[in-house]
Structure formats: structure tokens, C-alpha cells
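The values are calculated or read from the model by the stated rules, or taken from the named source; none is laboratory data. If you're wondering where the values come from, they're calculated on a predicted model, not measured in any experiment. Positions of Cβ are backbone-derived with ideal geometry, glycine not excepted, and every protein chain shown enters the neighbour counts. Please note that ligands, DNA and RNA were not included when accessible areas were found on the heavy atoms of the full protein model with its side chains. Shrake-Rupley method; radii C 1.70, N 1.55, O 1.52, S 1.80 Å.
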Amino acid sequence: MERPSWDEYFSKIALDVAERSTCMRHKFGAVIVSEKHEIVATGYNGVVRGAPHCSEKGCIKNRLGIQSGTGHEICPAVHAEQNALIQAGRNSSNCTLYVNAFPCKICARLIVNSGINRVVASGEYTDREGLEILGAAGVIVSHLSPVEKGVTDVQ
């Protein structure tokens, strides 16, 4: 029996975390992990606390025909990466963030300022501007293919 790598292990956990999402378009999950391979925080995408879930009231972006990766200011959801960073607070410094898609440009800015030094994405996203922001800031971005085992650096 072959053990999964740390990247495969935490990427699978991010997929499980994503199952809590109430978004009708995409289920995203994020896991922040310390250098000692300890989970610091998790997060999934969904509306703010106390608000009706999109799975209950419908998706405004679908109703307005807004393309994926755009209209972040219209969507009432908080992204998985954002929720994980809020939960981790200052404990995210020098950690790795595992997420099942490339971070958007808004999340990329927050990731840089949080002190995260590596992002492992196990999926893709239409908004690739976040990758440029992360790369320019020196954050290592790796892509874990869900079909093929192995990690490749994106930059």
C-alpha cells in the first residue's frame, strides 16, 4: 500500500471541506497547514453567517448571467481561502494553503499579506490573475493534478 504524499493528503482534505459549501456553481475548500504538517484552519465558500444560503434562495450570478471568475463584488459569498485565512489569523504565516482551484485575484492578495508561502491547487479556475499576483510576491504555487499523481510548479 502506497501512502499519499503530504500534498495529496491535504488536497484530499480540501475536497472534503468543499462539500460543506452551499454555492450552486462551485464547491471550493481550503486548508491551511503549518510547516509541521498540522492543520491550522479550514474554510469553504458560502454566504456570510446568518444570511440565507444560495442553495435556498438561488444564485444571483446565474440569474444575471455573470460569467465564472467575474462579478466577485455581486456574489454574496465569502471564498474558501478567505474563510480559512480569517479562521487562521496570524497563525497562517509561513504556512501552505491547499485549495481545490487556483485562487482568484482577491484571494491572492489576501494570501500574500497573510504570510502564506506556498499554495497547492488541486484544480483550476477561470480567473488566472491570482497566479500572477502570487508569483510576483514570491509565493510558490504548485498544481496537483487530480488525475495524475504528482505536483508541478505553476510558475
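A few remarks follow.
- Answer from Val31, Val78, Val47 - the residue that is surrounded by 15 or more Cβ atoms within 10 Å (Cβ to Cβ) and either under 14 Å from Leu97 (Cβ atoms) or basic (Lys, Arg) (or both): Val31
- Tabulated pairs, segment 104-125, first under 18 Å from Leu144 (Cβ atoms), second open to solvent by less than 30 Å² (accessible area, probe 1.4 Å) and aromatic (Phe, Trp, Tyr), C-beta under 6 angstrom, 6+ apart or interchain: Val120/Tyr98; Ala121/Phe102; Glu124/Phe102; Tyr125/Phe102
- Residues being open to solvent by 70 Å² or more (accessible area, probe 1.4 Å) and hydroxyl-bearing (Ser, Thr, Tyr) - total across segment 34-44: 1
- Restricted to segment 115-124, and to residues there that are out of contact with any strand residue (DSSP E or B) (no Cβ under 6 Å at 6 or more places or on another chain) and open to solvent by less than 30 Å² (accessible area, probe 1.4 Å), the residue that is nearest to Val40 (Cα to Cα) is Gly115.
- Residue ID - farthest from Asp127 (Cα to Cα), chosen from residues in segment 57-75 that are without any contact (Cβ under 8 Å) to a residue 12 or more places away in the chain and not charged (D, E, K, R): Leu64
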